[in-house]
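Nothing in this text is a laboratory measurement; each read-out follows from the coordinates by a stated rule. In this text, all values refer to a predicted model and were calculated from it rather than measured experimentally. Here the Cβ positions follow ideal geometry from the backbone for every residue, glycine too, while neighbour counts run over all protein chains shown.
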């Protein structure tokens with residue numbers, strides 16, 4: 001049925017080409033790593049700009065990212081715990097990103113074990129986020145889901161400018177004089193940017209605090225981000241970045257459907273003081289130049305350090321206390337050279353080298369209810385490194401087609417040492433488990449685009465990818481069962497159409513199919529302890545994505561949709577069952593209207609029915625589902641004084657009751673993390 005539907009949709013889209021009126025843009029796409037005319041990009045590059053990121057007083061990027069078809073970002077509370085899935089599932093997404101790369105101003109933020117610190121991404125200092133999805137992500141290190149390409153603000157004016165805002169929001173929690181948890185959210189940010197002779201400078205500061213909707217769902221952070229660019233007299237561009245992040249967020253814990261209906265603010269994590277304290281510091285340097293032979297060289301290096309304390313727990317069987325101390329460095333260098341050119345075509349060669357090195361120490365103890373840690377469980381030292389090398393050959397005929405052929409290889413290694421404790425007795429790690437797991441993956445990729453006419457392009461690509469088990473998955477929390485996790489390996493194909501139907505109407509439609517072998521899945525044992533395993537037989541994931549955008553001088557209207565058919569593989573224990581965590585249908589629309597006097601923003605999102613549970617011991621894994629829901633946000637803004645703007649709005653206008661962080665494969669039917677009901681906000685912004 002799904003294949004029949006997809007082929008029907010594709011045929012309908014092909015039939016619309018004849019009504020196109022204007023030519024596709026021929027501008028270069030800077031977000032796409034292999035520099036390419038926009039009309040010939042052989043894949044999908046979705047983009048969200050600063051206006052989308054800052055809409056509705058968002059403390060994070062979730063609302064903007066959720067307007068991209070095939071992407072689902074969830075948070076526990078506004079600005080709290082966060083996770084993202086891209087053309088994948090939430091089988092293993094306890095938090096963060098699992099199958100995608102994060103590149104920030106040309107620096108690799110993804111760590112050697114595959115985890116990406118998405119809490120670093122604040123809307124206030126980001127100018128745009130581009131997401132390269134599917135097989136094209138193989139060009140960014142091999143992650144099979146996608147690559148987030150983030151660019152921060154640079155001054156476009158010849159004079160210094162400052163953008164400051166203060167936001168006050170309700171949280172959805174009812175106010176009571178006897179309740180010590182006052183329902184409020186406050187956010188204050190300021191970004192200063194300026195040009196100077198031969199360069200650019202920007203500095204951002206952020207403070208946010210949210211008391212949360214649920215009993216134990218608070219979060220707070222302070223953050224600073226600095227970027228300096230300098231152009232030398234030899235044509236080189238030097239970029240330096242530095243940043244500091246200090247964040248704390250509660251871990252409320254999932255509850256049952258009965259509790260979600262009668263006591264949605266109940267938080268079992270409160271009695272264990274479950275929360276995260278995280279500090280991150282990073283600094284980096286990037287150099288870009290054009291060599292004498294015409295080759296374009298870009299190299300960057302980033303150093304980072306982090307500390308984390310984490311009391312956790314939701315039941316008598318699942319609780320403890322962890323401390324982490326880590327540091328790492330990442331290096332990325334690429335060179336592209338035009339080896340041949342003529343009036344009709346060009347041939348370019350490209351090579352990329354990427355290396356990531358991380359080390360950190362993890363200590364874990366039992367945890368008493370009075371907050372005293374005792375009885376060590378483990379003291380583990382991790383050293384992880386990841387190396388990626390690729391070379392590409394690109395043939396381009398600007399008037400007809402483009403072919404990209406890549407061959408790459410990724411090698412990853414971990415050296416693990418330390419001790420595991422049982423009843424106070426230490427056992428060396430290497431006497432129990434393999435202390436040096438290694439993974440090697442070959443990453444071929446083929447991309448092809450063809451101009452059907454001046455208005456429409458057909459593109460195809462195929463590649464392989466991977467996603468390694470993170471250190472969290474290897475150690476959380478029943479260490480003795482998780483040491484044998486294999487790396488996920490995936491192969492995917494994509495077929496798409498991009499068309500400019502009229503001067504103001506743009507269409508992008510994509511069909512994809514991928515197979516993930518040795519997929520990592522989270523499940524719970526009889527004591528509700530979270531464990532991880534590889535799925536025998538793997539996963540097959542297919543989908544259709546569409547984005548239709550209308551744009552004129554003061555209005556942008558986007559509609560987007562995604563259909564998925566994600567099931568366990570034919571050789572798995574759950575052959576044909578739907579994979580928990582991915583709605584089969586999701587769609588939405590965004591409206592942005594700006595005039596001299598006021599602006600209007602509207603976001604609507606529908607998330608279809610979602611399966612919640614499936615594991616290798618459950619014969620009826622598709623029994624439990626999360627109901628479909630609809631979310632509508634509306635805001636209106638206006639200039640009230642010279643360079644002073646006010647925005648007021650309402651989030652979740654329909655007062656939908658839904659969970660924004662389902663605990664997939666949880667035992668005792670504890671699936672739900674209720675999202676806030678209707679909330680209101682007001683934002684004051686000053687530009688000067």
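Counting 0.36 nm for each residue step from residue 597 to residue 393 and taking away their Cα separation leaves a gain of 68.4 nm. Working from label points 7 Å from Cα in the Cα-to-Cβ sense, the residue 291 to residue 38 distance is 3.1 nm. Extension gain for residue 49 to residue 427 (0.36 nm times residue separation, less C-alpha to C-alpha distance): 130.9 nm.
If R0 is 56 Å, the Cβ-Cβ spacing of residue 246 and residue 454 corresponds to a FRET efficiency of close to 0.60. Residue order for 73, 354, fewest other beta carbons within 10 angstrom first, comes to 73, 354.
Using a cutoff of 8 angstrom between alpha carbon atoms and counting only pairs six or more residues apart, the relative contact order for the stretch 392-502 works out to 23 percent.
Only DSSP H runs of four or more residues enter the estimate; each adds -39500 (n - 2.57), and after division by the residues of the chain the mean residue ellipticity at 222 nm equals -1000 deg cm²/dmol. In terms of the mean number of neighbouring beta-carbon atoms within 10 Å, the peptides 225-238, 191-204, 313-326 order highest first as 313-326, 191-204, 225-238. Look at the alpha carbon pairs under 8 Å that are at least 6 residues apart: their mean separation over the length of the stretch 367-436 gives a relative contact order of 33 percent.
What FRET efficiency comes out for the pair residue 261/residue 585, r = Cβ-Cβ distance, R0 = 25 Å, nearest 0.05?
Working: r = 24 Å, r/R0 = 0.96.
E(calc), rounded to 0.05, equals 0.55.
Here the spin labels are modelled as points 7 Å beyond Cα on the Cα-Cβ line, and at residue 536 and residue 606 they lie 4.0 nm apart.
Quote the FRET efficiency, to the nearest 0.05, computed for residue 548 versus residue 325 with a Förster distance R0 of 51 Å and r equal to the Cβ-Cβ distance.
E(calc), rounded to 0.05, equals 0.60.
Between residue 678 and residue 156, the simple spin-label model (points 7 angstrom out along Cα→Cβ) gives 3.7 nm. Computed over the alpha-carbon pairs of the stretch 24-134, the distance histogram in 5 Å steps reads 2, 11, 20, 24, 22, 13, 6, 2, 0 percent, short to long. At full extension, residue 234 and residue 400 could sit 56.2 nm farther apart than now, given 0.36 nm per residue minus the alpha carbon distance. Antiparallel versus total DSSP beta bridges in the chain: what percent is that, nearest 5? Restricted to the chain, the bridges split so that about 95 percent are antiparallel. As a rough footprinting exposure proxy, the listed residues 411, 355 were ranked by other beta carbons within 10 Å of their own, and the order from fewest upward is 411, 355. Neighbour counts of C-beta atoms inside 10 Å place 48, 646 in the sequence 646, 48, starting with the fewest. Sorted on the mean count of surrounding Cβ atoms within 10 Å across their residues, most packed first, peptides 51-59, 454-462 read 51-59, 454-462. Dividing the mean sequence gap of close Cα pairs (under 8 Å, 6+ apart) by how many residues the chain holds gives a relative contact order of 12 percent.
Checking (i) 75, 61, 57; (ii) 66, 54, 50; (iii) 77, 68, 57 against the coordinates, the calculated Cα extents along the principal axes in Å falls under label (i).
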